[in-house]
Amino acid sequence: MGLPSTALLALSMSADAFAVSVGKGVSMDKPRLLDAAKTGLVFGLTEGCAPLVGWLFGSFAASFIQAYDHWVAFVILTLIGLHMIVEGVRNQNCELEIVKPKDQNLLMLILTAVGTSIDSVAVGVSLAFVAANIWVAAISIGLATFSMSTLGIMIGHRVGCKLGRYAEILGGVGLFAIGAKILFTHLAE
């Protein structure tokens, strides 16, 4: 997987966390950069570790499905992408109560981060099938998620949650594009 595909993957995988962070920023009364960075760190670490877990599972299965692994990667990425697009289109409720940073619950933040990283586990499985460098992908996803989550909180207060919906839709399109590239590259060989 080349640099453009890795960058697109990292941005696509960070879209869920960005959307959640924008919504969180909307609900916060004047978020501070330190609070945003703490949230970004939780999301980034969780999202960066998730593909490693998926890759471990996928590595065990890769030898059994080697003949059609490109189809599996395509289907997984397409389904995740479609799910993100549907969620972005469906999520139109932007009414949130205002919370202060000190009112945030760390356990809820971690659970939210785990919830948004489930798709990264599935992507990690697909990366095992295409022999991608999992370390580069995981670090890229973690850094992109940290950056996008921190940014999401800081701008969410000003721009509203609709931006998060559009980011999630674009992230879904990006995952579909990566899956299509994997499939077409393999079929062209």
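The values are calculated or read from the model by the stated rules, or taken from the named source; none is laboratory data. Keep in mind it's a predicted model, so treat the numbers as computed, not measured. So basically every Cβ, Gly included, is an ideal-geometry build from the backbone, and we count neighbours across all protein chains shown.
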Of the residues that sit in the stretch 1-33 and are more than 18 Å from residue 108 (Cα to Cα) and among the charged types (D, E, K, R), which one is modelled with the lowest pLDDT?
-> 29
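Working only within the stretch 113-171, note down all residues that are of a type in the set (Lys, Arg) and surrounded by fewer than 20 Cβ atoms within 10 Å (Cβ to Cβ).
158, 162
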May I ask you to verify whether residue 125 is of a type in the set (Val, Ile, Thr), under 15 Å from residue 15 (Cα atoms), at pLDDT 75 or above and assigned to a helix (DSSP H, G or I)?
-> no
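For every residue, the table says whether it meets (1) free of Cβ contacts under 8 Å to residues at least 40 places away in the same chain; (2) out of contact with any Ser or Thr (no Cβ under 9 Å at 6 or more places or on another chain); (3) closer than 18 Å to residue 150 by Cα.
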{"site": "27", "(1), (2), (3)": "no, yes, yes"}
{"site": "37", "(1), (2), (3)": "no, no, yes"}
{"site": "53", "(1), (2), (3)": "no, no, no"}
{"site": "60", "(1), (2), (3)": "yes, yes, no"}
{"site": "63", "(1), (2), (3)": "yes, yes, no"}
{"site": "72", "(1), (2), (3)": "no, no, no"}
{"site": "84", "(1), (2), (3)": "no, no, no"}
{"site": "89", "(1), (2), (3)": "no, yes, no"}
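Evaluate the following for residue 180: is it in a loop (DSSP other than H, G, I, E, B), hydrophobic (A, V, I, L, M, F, W, C) and surrounded by fewer than 17 Cβ atoms within 10 Å (Cβ to Cβ)?
Taking the combined requirement at face value, the residue does not satisfy it.
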Give the stretch 34-74 a look and list any residue that's at pLDDT 85 or above and of a type in the set (Val, Ile, Thr), or say none.
-> 39, 42, 46, 53
In the stretch 23-62, how many are farther than 19 Å from residue 136 by Cβ, in contact with a Leu (Cβ under 6 Å, 6 or more places away or on another chain) and not β-branched (Val, Ile, Thr)?
-> 1
Being among the polar types (S, T, N, Q) and part of a helix (DSSP H, G or I) is the filter; apply it to the stretch 41-84 and report the residue that is surrounded by the fewest Cβ atoms within 10 Å (Cβ to Cβ).
-> 66
Can you find even one residue in the stretch 82-101 that is within 16 Å of residue 2 (Cβ to Cβ) and either aliphatic (A, V, I, L, M) or modelled with pLDDT under 80 (or both)?
-> no
